[in-house]
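Encoded as structure tokens, the structure appears first; notes follow it.
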């Protein structure tokens with residue numbers, strides 16, 4: 001078999017080709033890293049969307065109460081219970097109150113939110129026969145801000161740590177991860193209660209097999 005001699009130009013050309021291949025591989029690594037970043041951002045968006053508050057609540061209950069003579073005491077504020085033992089979330093604009101069809105405004109002093117099942121009207125404000133209507137779940141859009149924090153070190157570096165909602169709704173969601181990088185727990189803290197979901201996965205396939213929830 002004949003042997004071919006390589007010229008200096010061919011050697012230099014080969015070196016240039018190897019160099020170009022290195023550049024191309026570097027570019028490939030950069031593309032993979034960019035894709036990984038985009039996937040991470042997409043995952044964060046999906047997580048935030050899944051846990052985000054509903055922006056336009058729907059009416060769940062409409063209850064009415066007619067003021068009785070026994071309810072009205074001169075020079076004394078008048079508490080009125082929401083009928084049928086219905087409740088609302090205090091301080092969240094979660095309920096609309098009407099008096100004889102006219103919306104009542106907390107900021108104007110028309111009434112105050114006493115607790116989750118009662119509102120109180122000022123002294124000498126209500127009259128016998130007034131109809132108080134409660135629309136639980138305000139028909140106005142919720143306004144809130146969203147902030148995401150990330151783990152800054154360790155095995156979970158760069159993964160979502162917390163998603164915090166502030167404004168008309170106050171909610172903090174905290175994530176932990178297992179050794180495979182999958183979500184281990186999701187804890188949602190809101191209105192003094194924390195709902196913790198624990199995720200389990202198949203050891204062999206890594207597929208989700210169950211979710212257990214505890215409210216505390």
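The values are calculated or read from the model by the stated rules, or taken from the named source; none is laboratory data. The structure displayed is predicted, hence computed values, not measured ones. Neighbour counts are summed over all protein chains in view; Cβ atoms, including those assigned to glycine, are modelled from backbone coordinates with ideal geometry.
Residues are listed down the side, and each one gets a yes or a no for (1) outside the structural domain of residue 95 (by TED's automatic domain parsing); (2) under 12 Å from the mean Cα position of the chain (by Cα); (3) within 16 Å of residue 211 (Cα to Cα):
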residue	(1), (2), (3)
147	yes, yes, no
158	yes, no, no
163	yes, yes, no
166	yes, yes, no
175	yes, no, yes
178	yes, no, yes
184	yes, no, yes
187	yes, yes, yes
191	yes, no, no
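Conditions tested, residue by residue: (1) within 30 Å of residue 64 (Cβ to Cβ); (2) at pLDDT below 90; (3) touching a helix residue (DSSP H, G or I) at 6+ places or on another chain (Cβ under 6 Å); (4) crowded, with 17+ Cβ neighbours inside 10 Å.
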| position | (1), (2), (3), (4) |
| --- | --- |
| 132 | yes, no, no, yes |
| 153 | no, no, no, no |
| 163 | no, no, yes, yes |
| 169 | yes, yes, no, yes |
| 172 | no, no, no, no |
| 181 | no, yes, no, no |
| 188 | no, no, no, yes |
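Criterion first (touching a strand residue (DSSP E or B) at 6+ places or on another chain (Cβ under 9 Å), outside the structural domain of residue 165 (by TED's automatic domain parsing) and under 25 Å from residue 169 (Cα atoms)) does residue 125 satisfy it?
No: the conditions fail for residue 125.
Considering the range 147-156 alone, what residues qualify as being free of Cβ contacts under 8 Å to residues at least 40 places away in the same chain and touching a strand residue (DSSP E or B) at 6+ places or on another chain (Cβ under 6 Å)?
147, 149, 150, 151, 156
Can you tell me which residue among 114, 19, 120 is farther than 20 Å from residue 169 by Cα, modelled with pLDDT of 60 or more and not assigned by TED's automatic domain parsing to the domain that holds residue 173?
120
Quick one: count up the residues across the range 157-212 that are within 28 Å of residue 95 (Cα to Cα) and in contact (Cβ under 8 Å) with a residue 12 or more places away in the chain.
Number satisfying all stated conditions: 20.
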